Amino acid sequence: VPQPPQPGEVSGRALATATVTENGQPGYETVLVGNVPLAGERITLRANAYAAEEGGYIDDDIRGLKDVNRTRLRGGRAIVAMQIAEGWQIDAMGALQAIDTRDAQYAEEGKAPLSRRSVLPQPFSQRYKLGSLSLKGGAGDLTLDAVIGVIDSECIETFDASRLFGEEAPFAQAIDTSIVSGEARVHY
């Protein structure tokens with residue numbers, strides 16, 4: 001659940017973190033967050049952007065590679081809160097995220113710890129987009145909460161099926177998912 005915009009408040013912060021992965025590569029995370037009034041206390045924007053890199057820790061013995069499963073994460077989110085009338089608010093939100101893993105995250109039993117033997121790299125990537133629009137307000141004893149959201153996710157995975165076929169055999173799959181969802185409630 002994202003932190004809502006704070007009407008009339010100007011604020012921001014930055015965060016940077018370094019990470020160390022045992023038997024692997026170092027990583028980092030950075031985050032920028034800002035809250036800015038666009039029209040006094042009536043319209044406020046809250047946004048963040050982030051980037052992270054997780055150090056790999058899986059070794060691939062056949063290909064002679066160390067720490068093959070390094071992962072990069074990038075994304076951001078923005079919310080605009082608009083007071084459209086006394087007691088009525090519209091929130092518009094959008095978010096994007098990209099995940100890219102250079103090679104698969106698994107190790108094999110019976111091999112050296114945190115290692116495996118694969119002929120081919122097994123990368124993974126996912127792109128995620130989200131948007132929503134909500135309306136909240138009331139009159140007298142009645143309150144309305146309505147929201148509509150749209151999600152789009154694209155995932156591409158590659159697996160090494162070489163052991164099954166006795167030769168280099170990548171198996172790749174792409175999964176695209178789109179969802180539109182809405183709900184409205186009136187309560188008193």
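The values are calculated or read from the model by the stated rules, or taken from the named source; none is laboratory data. Here the structure is a predicted model, which is why all the values come from computation and not from measurement. Glycine gets a Cβ as well: all are built from the backbone with ideal geometry, and neighbour counts include every protein chain shown. Ligands, DNA and RNA are stripped out before the accessible areas are found, and what is left, the full protein with its side chains, is counted by its heavy atoms. Shrake-Rupley method; radii C 1.70, N 1.55, O 1.52, S 1.80 Å.
Criterion first (among the aromatic types (Phe, Trp, Tyr) and surrounded by 14 or more Cβ atoms within 10 Å (Cβ to Cβ)) does Phe165 satisfy it?
So Phe165 does not fit the description; no.
Rundown of residues vs (1) in a strand (DSSP E or B); (2) over 25 Å from Ser132 (Cα atoms); (3) open to solvent by less than 40 Å² (accessible area, probe 1.4 Å), yes/no style:
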site	(1), (2), (3)
Ala18	yes, yes, no
Asp67	no, yes, yes
Ile99	yes, no, yes
Gly110	no, yes, no
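Being of a type in the set (D, E, K, R) and open to solvent by 40 Å² or more (accessible area, probe 1.4 Å) is the filter; apply it to segment 69-97 and report the residue that is farthest from the chain's Cα centre (by Cα).
Glu86
Looking at Ala107, is it at pLDDT below 95, aliphatic (A, V, I, L, M) and in contact with a strand residue (DSSP E or B) (Cβ under 6 Å, 6 or more places away or on another chain)?
Yes; evaluated as a whole, the condition is true for this residue.
Based on this model, can you work out whether Ile148 counts as of a type in the set (A, V, I, L, M, F, W, C), open to solvent by 40 Å² or more (accessible area, probe 1.4 Å), modelled with pLDDT of 95 or more and within 30 Å of Asn23 (Cβ to Cβ)?
Judged against the criteria, Ile148 is not a match.
Taking segment 37-53, which residues are farther than 22 Å from Lys129 by Cβ and either in contact with a Lys or Arg (Cβ under 8 Å, 6 or more places away or on another chain) or open to solvent by 70 Å² or more (accessible area, probe 1.4 Å) (or both)?
Those that are farther than 22 Å from Lys129 by Cβ and either in contact with a Lys or Arg (Cβ under 8 Å, 6 or more places away or on another chain) or open to solvent by 70 Å² or more (accessible area, probe 1.4 Å) (or both): Leu38, Glu41, Arg42.
For Gln122, all conditions in the list (1) assigned to a strand (DSSP E or B); (2) under 30 Å from Asp152 (Cα atoms); (3) at pLDDT 95 or above hold save one; what is the number of the exception?
Failed condition: (1).
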